[in-house]
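The values are calculated or read from the model by the stated rules, or taken from the named source; none is laboratory data. Every value quoted in this text rests on a predicted model; they were computed, and no experiment measured them. We place every Cβ from the backbone using ideal geometry, glycine too, and count neighbours over all the protein chains shown.
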Amino acid sequence: MKKLYHTHLFRPTLKCIIKLNMNFFYYTVFKLQEMIEGSYKNSIKKSDRDQYRQYTPRMLWGNPCKFFPTTPLSVYQSPELFEKLHLDTLFFIFYYQPGTYQQHLAAKELKKKSWKYHKKYTTWLLPDFNTIKILNEQVEHGTYVSFDYVSTWSKQLKKNFSFEYIHLEDEITI
């Protein structure tokens, strides 16, 4: 039986293999750059982040299914659950469920973890107890970790920050 192809025509040289691999590498990098640029185009804008979206159910006339729950589960109102939640979750609940019992429980748990709420800046601050100096009955000065919920949703270090007690939120209200 006669071969229809010649094997020496299909043997790539080392130079050819390197060139093919480099072309594949550059193509992959190019595609990754396209995906990153595309993700930047669809990133969250400040106007999207600051907007609070209220849930509106699709069936406004009621639920025909009797087995579907109409009230939240009682576990979501349990302080024991909030003790297990991560800090980011507690901050999310505090800032995005205003006026609810869950916001109250999140604030209570943040206070247990030594965070202080600053009313003027509407942010949570965690004092670095090694650097805090109490200047008088109304002011303490030192390094704090601040939670920035507006622009970066991250913790930021604030050195030489003066915390005036008149801006401290002591009462946790619902």
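A few points about this structure:
- So Lys133, is it closer than 17 Å to His167 by Cβ, free of Cβ contacts under 8 Å to residues at least 60 places away in the same chain and in contact with a strand residue (DSSP E or B) (Cβ under 9 Å, 6 or more places away or on another chain): no
- Residue selected from segment 125-147 under the condition among the hydroxyl-bearing types (Ser, Thr, Tyr) and touching a Ser or Thr at 6+ places or on another chain (Cβ under 8 Å), by the criterion surrounded by the most Cβ atoms within 10 Å (Cβ to Cβ): Ser146
- Residues of segment 115-174 that turn out to be assigned to a loop (DSSP other than H, G, I, E, B) and aromatic (Phe, Trp, Tyr), as a count: 5
- Of all residues assigned to segment 147-157, at least one qualifies as being of a type in the set (Asp, Glu) and under 26 Å from the mean Cα position of the chain (by Cα).
- Checking each residue in segment 76-109 for being under 15 Å from Thr122 (Cβ atoms) and either buried (at least 18 other Cβ atoms within 10 Å of the Cβ) or among the basic types (Lys, Arg) (or both) picks out Phe91, Phe94, Tyr95, Gln103, Ala106, Ala107.
- So Leu126, is it in contact with a helix residue (DSSP H, G or I) (Cβ under 8 Å, 6 or more places away or on another chain), among the aliphatic types (A, V, I, L, M) and free of Cβ contacts under 8 Å to residues at least 40 places away in the same chain: no
- Those residues of segment 117-146 which are among the aliphatic types (A, V, I, L, M) and over 26 Å from the mean Cα position of the chain (by Cα), in sequence order: Ile132, Ile134, Leu135, Val139
- Residues that are modelled with pLDDT under 70 and assigned to a helix (DSSP H, G or I), drawn from segment 22-52: Lys46, Ser47, Asp48, Arg49, Asp50
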